[in-house]
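Here is the structure we will look at, set down as structure tokens.
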Amino acid sequence: MEVAYLTDPGNRRGDNEDYVGAFQNQSGLWMLIVADGVTSNEGGEVASAMAVEHFGNAWESTSIEMMKATVDWLKNRAQLENDAMLQAGERFRDLSQMATTLIIAVIFNQQLLLANLGDSKAFRLHDNQLTQLSFDHSLKNELLRTGRITKADAEQLPNANSLTRYLGVDTRVDLEISQHEFLPSNILLLTSDGITKVLTKDDIKATLSQYDLTLEERANALVQQANDNDVPDNVTALLCQQQNEKD
């Protein structure tokens with residue numbers, strides 16, 4: 001397994017509310033995590049750090065091997081972490097509204113399990129095609145998915161991109177979980193929404209397809225390209241591949 005990641009405040013932000021990490025449990029399964037603190041709520045940087053470190057440290061102590069057990073663990077851990085954030089908010093008034101998005105990938109043999117809340121994203125490069133595997137939990141997308149509005153109406157919707165799911169603030173945790181094929185030749189990208197605010201899917205695909213570069217170099221390139229395009233947000237790129245293309 002090869003993993004590389006980088007997070008950066010971006011050109012316009014003095015602080016970084018993104019947090020990223022990679023953790024391996026006792027059975028050798030990798031958990032990859034990106035969290036993006038909700039900027040409109042005070043304490044976003046605390047929420048994202050809590051989520052990644054608590055999920056990651058708890059995962060490292062498990063010996064889970066099977067996907068079904070992982071799903072159950074993720075759902076339980078998400079509720080525990082949400083409760084911990086609410087309790088911290090009760091103790092510290094300035095953290096009472098802290099919240100974070102979350103995208104998690106657990107890597108199995110030629111399969112990956114995704115769990116997400118909010119609009120941090122997972123992309124897979126397969127056969128020169130870049131596909132977003134995760135679903136963005138925004139007001140517009142949730143209403144479109146249920147058929148309650150049309151695409152034309154969605155473009156006129158007030159607060160269309162406001163988040164509908166995240167960790168923190170609310171007692172309800174609605175973690176979305178999905179399973180996807182992940183072959184040795186594939187590349188997985190986890191990212192907060194900063195990169196996709198300024199780079200197109202074609203831009204991202206072009207960088208991921210530079211096979212003469214290491215994964216670390218490609219992660220660095222994505223962040224640099226976002227900064228070169230005057231990204232208005234924090235930027236994070238985590239890349240993973242089950243084996244190097246040159247092996």
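The values are calculated or read from the model by the stated rules, or taken from the named source; none is laboratory data. Everything quoted here is computed from the prediction, not taken from an experiment. A quick note on method: Cβ atoms are made from the backbone with ideal geometry, for glycine too, and the neighbour counts reach across all protein chains shown. Protein only, heavy atoms only, side chains kept; ligands, DNA and RNA dropped before computing areas. Shrake-Rupley method; radii C 1.70, N 1.55, O 1.52, S 1.80 Å.
Filtering the range 223-247 to residues that are free of Cβ contacts under 8 Å to residues at least 60 places away in the same chain and either part of a helix (DSSP H, G or I) or open to solvent by less than 60 Å² (accessible area, probe 1.4 Å) (or both) leaves GLN224, GLN225, ASP228. Going by the structure shown, is ALA47 among the aliphatic types (A, V, I, L, M), within 23 Å of ASP233 (Cβ to Cβ) and touching a helix residue (DSSP H, G or I) at 6+ places or on another chain (Cβ under 9 Å)? Spelling it out, ALA47 is indeed among the aliphatic types (A, V, I, L, M), within 23 Å of ASP233 (Cβ to Cβ) and touching a helix residue (DSSP H, G or I) at 6+ places or on another chain (Cβ under 9 Å).
Annotation: TYR211 fulfils all but one of (1) open to solvent by 10 Å² or more (accessible area, probe 1.4 Å); (2) free of Cβ contacts under 8 Å to residues at least 24 places away in the same chain; the unmet one is (2). Quick one: would you say GLU176 is open to solvent by 30 Å² or more (accessible area, probe 1.4 Å), under 25 Å from ASN109 (Cα atoms) and either under 17 Å from the mean Cα position of the chain (by Cα) or β-branched (Val, Ile, Thr) (or both)? Taking the combined requirement at face value, the residue satisfies it.
Output the residues belonging to the range 184-202 that are part of a loop (DSSP other than H, G, I, E, B) and either β-branched (Val, Ile, Thr) or open to solvent by less than 40 Å² (accessible area, probe 1.4 Å) (or both).
Residues satisfying the conditions are ASN186, SER192, LEU199, THR200.
If I go through the range 137-151 residue by residue, how many of them are in contact (Cβ under 8 Å) with a residue 24 or more places away in the chain and among the charged types (D, E, K, R)? Summing the residues that are in contact (Cβ under 8 Å) with a residue 24 or more places away in the chain and among the charged types (D, E, K, R) in the range 137-151 gives 0.
Would you mind stating whether LEU239 is touching a helix residue (DSSP H, G or I) at 6+ places or on another chain (Cβ under 8 Å), under 28 Å from LEU29 (Cβ atoms), modelled with pLDDT of 95 or more and not acidic (Asp, Glu)? So LEU239 fits the description; yes. Within the range 1-26, if we keep just the residues that are in contact with a strand residue (DSSP E or B) (Cβ under 7 Å, 6 or more places away or on another chain) and small (Gly, Ala, Ser), the residue that is surrounded by the most Cβ atoms within 10 Å (Cβ to Cβ) turns out to be GLY10.
Of the residues in the range 80-97, at least one is farther than 23 Å from SER162 by Cβ, among the small types (Gly, Ala, Ser) and more than 17 Å from the chain's Cα centre (by Cα).
I'd like the residue in the range 64-79 that is of a type in the set (S, T, N, Q) and under 18 Å from the mean Cα position of the chain (by Cα) and, out of all such residues, is farthest from VAL173 (Cα to Cα).
Filtering first and then ranking leaves THR70.
Within the range 27-56, the set of residues being open to solvent by 20 Å² or more (accessible area, probe 1.4 Å) and closer than 17 Å to LEU188 by Cα comprises LEU29, TRP30.
From the list ALA206, ALA237, ALA219, the one residue that fits, being among the small types (Gly, Ala, Ser) and over 18 Å from the mean Cα position of the chain (by Cα), is ALA206. Here GLU216 fulfils each of the conditions (1) touching a residue at least 40 places away in the same chain (Cβ under 8 Å); (2) open to solvent by 70 Å² or more (accessible area, probe 1.4 Å); (3) assigned to a loop (DSSP other than H, G, I, E, B) apart from (3). The strands (runs of 3 or more DSSP E) falling completely within the range 59-170 include none with 3 or more residues that are at pLDDT 95 or above, open to solvent by 30 Å² or more (accessible area, probe 1.4 Å) and more than 28 Å from ASP203 (Cβ to Cβ).
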